[in-house]
Amino acid sequence: MRIDTNARIIYNKQVSGEYRNMKIYAPRIARHARPGQFLNIQTSKTGRPLLRRPMSIHKLSPAGLEILYKVRGTGTSLLAQLKKGMEIQVLGPLGKGFDIKAPFTTAILVGGGYGISPLKALHDLLKKKRKKIITLIGAKNSKLIYKKGFTGVKVATEDGSSGTKGLVTRVLDRVCCSGAKHPAVIFACGPDRMLEAVAKIAGKYNIPCQVSLEALMGCGTGVCLSCVCKKKDGRQARVCVDGPVFKAGEIEWKT
Ligand SMILES: Cc1cc2nc3c(=O)[nH]c(=O)nc-3n(C[C@H](O)[C@H](O)[C@H](O)COP(=O)(O)OP(=O)(O)OC[C@H]3O[C@@H](n4cnc5c(N)ncnc54)[C@H](O)[C@@H]3O)c2cc1C
Ligand code: FES
């Protein structure tokens, strides 16, 4: 079910490093939302920018939804200026979320940059289900690491300013190699190159893996085809409605 609603902002604040955290009151969307789904947010009432901006659902509570975002351009700059009490138009929940139906004991969460955002709602659900959680967070530097509220955290930064120096996928390889974590499932969100590397490691150790893809989106509802990705079976999928979460083995990576 998709709901287009005017949602009141409960807070919109700078959090650690380069991220902002916005909470909105949207009980009807929250009631139907699942980890891995996203919202399409109108960042301005002036009609500019025209297109809404997709944002993962970061945290879920009965009445509230949170997003964690990084200011990148026009839309996110406008979003950052909004204050508590103001209202924004939000469409959601959109897309298919993470699938946690299969039996597993350990969840390995891998987040790159703001790709950590949707993994928090998943983390909180898995915690309720008493799963063991290992959270691997990677970014270029420590300012882009967001780990608040996660358990079992290991950090990797490319410049070595926090945690292991290097790519988070090196840490993932080490964790998978230790073998003690089976049966495990990997859930990953981040840049395509990271997701491709995660998919390779998952394949190498034969661990089921789900990836949340990012794509430039127009409508967010399956109509405009601006978000298509290629699948290994030769078909195209729309990231907004067939994803954003896919089985890693389904995706034909670009590189
Ligand atoms: C399903 C989904 C979930 C997302 N979740 C989050 C999230 O939780 N937190 C977060 O900070 N961002 C998230 N994004 C990315 C976010 O939507 C873009 O950063 C945002 O739309 C940029 O808007 P802007 O107007 O500020 O930037 P623009 O001025 O439109 O563009 C600035 C730069 O960002 C790039 N860009 C714009 N939109 C996207 C996009 N959709 N994907 C990749 N690059 C883009 C442009 O190519 C350009 O280089 C998500 C995107 C998708 C598709
Ligand atoms: S964004 Fe329009 S079809 Fe996916």
I want to confirm something. Restricting to the range 68-99 and keeping residues that are of a type in the set (A, V, I, L, M, F, W, C) and touching a helix residue (DSSP H, G or I) at 6+ places or on another chain (Cβ under 7 Å), which single residue is surrounded by the fewest Cβ atoms within 10 Å (Cβ to Cβ)?
V71
Looking at (1) closer than 24 Å to G95 by Cβ; (2) open to solvent by 30 Å² or more (accessible area, probe 1.4 Å); (3) touching a Pro at 6+ places or on another chain (Cβ under 9 Å), which is the only condition E250 fails?
(3)
Out of the range 1-53, which residues are open to solvent by less than 70 Å² (accessible area, probe 1.4 Å), in a strand (DSSP E or B) and within 15 Å of ligand 1 (Cβ to nearest atom)?
N12, Y19, R20, N21, M22, K23, I24, F38, L39, N40, I41
Give the residues of the range 222-245 that are open to solvent by less than 60 Å² (accessible area, probe 1.4 Å), away from ligand 1 (no atom under 11 Å from the Cβ), in a loop (DSSP other than H, G, I, E, B) and without any contact (Cβ under 8 Å) to a residue 24 or more places away in the chain, sorted by residue number.
G222, G234
Do we find a residue being β-branched (V, I, T) and in contact (Cβ under 8 Å) with a residue 60 or more places away in the chain anywhere in the range 185-195?
yes
So which of I137, I116 ends up being crowded, with 22+ Cβ neighbours inside 10 Å and in contact (Cβ under 8 Å) with a residue 60 or more places away in the chain?
I116
Could you please find all residues in the range 196-221 being open to solvent by 10 Å² or more (accessible area, probe 1.4 Å), out of contact with any Asp or Glu (no Cβ under 8 Å at 6 or more places or on another chain) and within 14 Å of ligand 2 (Cβ to nearest atom)?
A215, L216, M217, G218, C219, T221
Top-ranked residue in the range 204-218 [being within 14 Å of ligand 1 (Cβ to nearest atom) and part of a loop (DSSP other than H, G, I, E, B); ranked as farthest from the chain's Cα centre (by Cα)]
G218
At least 1 residues that are within 16 Å of ligand 2 (Cβ to nearest atom) in each: list the strands (runs of 3 or more DSSP E) lying fully within the range 57-117 that qualify.
87-94
Check on V245, within 15 Å of ligand 2 (Cβ to nearest atom), under 15 Å from L94 (Cα atoms) and in contact with a Cys (Cβ under 6 Å, 6 or more places away or on another chain):
no
Flagged in the range 246-255 as modelled with pLDDT of 95 or more and within 16 Å of ligand 1 (Cβ to nearest atom), in numbering order, are F246, I251
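Before we move on, is V171 away from ligand 2 (no atom under 14 Å from the Cβ), in a helix (DSSP H, G or I) and surrounded by 14 or more Cβ atoms within 10 Å (Cβ to Cβ)?
Values: away from ligand 2 (no atom under 14 Å from the Cβ): yes; in a helix (DSSP H, G or I): yes; surrounded by 14 or more Cβ atoms within 10 Å (Cβ to Cβ): yes.
Here the answer is yes, as V171 does meet what is asked.
The values are calculated or read from the model by the stated rules, or taken from the named source; none is laboratory data. From a predicted model like this one, the values you see are computed outputs, not experimental measurements. In this analysis, Cβ positions are derived from the backbone assuming ideal geometry, glycine residues included, and neighbour counts consider all displayed protein chains. With ligands, DNA and RNA removed, areas are computed over all heavy atoms of the protein, side chains included. Shrake-Rupley method; radii C 1.70, N 1.55, O 1.52, S 1.80 Å.
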